[in-house]
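Here the structure comes first, spelled out in structure tokens, and everything after it is commentary.
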């Protein structure tokens, strides 16, 4: 999804949460090894073709993900940037995510 579509999705997830409800969001960091693979039509949005299908992976800078949660009726309970090695088939590569646990404010 594009960054614009991710923002719309986060807004909608928060909108439909019950007061006190929890939501988990995981986003790719630009520190992932596969950032920059394929074409980059917009900053952080990389498009590749897998099995004849167009796939977009979206990557964020360290400060960007927080903006997705601004002006929403939520509290960020937990935020973490994880960098780890992941084995896929015979290869090990570096992957990085931002994890957010948020809670919708009670009325």
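The values are calculated or read from the model by the stated rules, or taken from the named source; none is laboratory data. Please read these numbers as outputs of a predicted model, since none were measured by experiment. Heads up, the Cβs are rebuilt from the backbone with ideal geometry, glycines too, and the neighbour counts pull from every protein chain shown.
Of all the residues in segment 17-75, those that are in contact with a strand residue (DSSP E or B) (Cβ under 7 Å, 6 or more places away or on another chain), closer than 30 Å to residue 106 by Cα and crowded, with 16+ Cβ neighbours inside 10 Å number 9. Counting only strands (runs of 3 or more DSSP E) that sit wholly inside segment 12-98, not one has at least 1 residues that are in contact (Cβ under 8 Å) with a residue 60 or more places away in the chain, more than 19 Å from residue 2 (Cα to Cα) and more than 18 Å from the chain's Cα centre (by Cα).
Any residue that is within 20 Å of residue 12 (Cβ to Cβ), modelled with pLDDT of 95 or more and buried (at least 17 other Cβ atoms within 10 Å of the Cβ) - is there at least one of those in segment 93-101? So far as segment 93-101 goes, yes, one or more of its residues are within 20 Å of residue 12 (Cβ to Cβ), modelled with pLDDT of 95 or more and buried (at least 17 other Cβ atoms within 10 Å of the Cβ).
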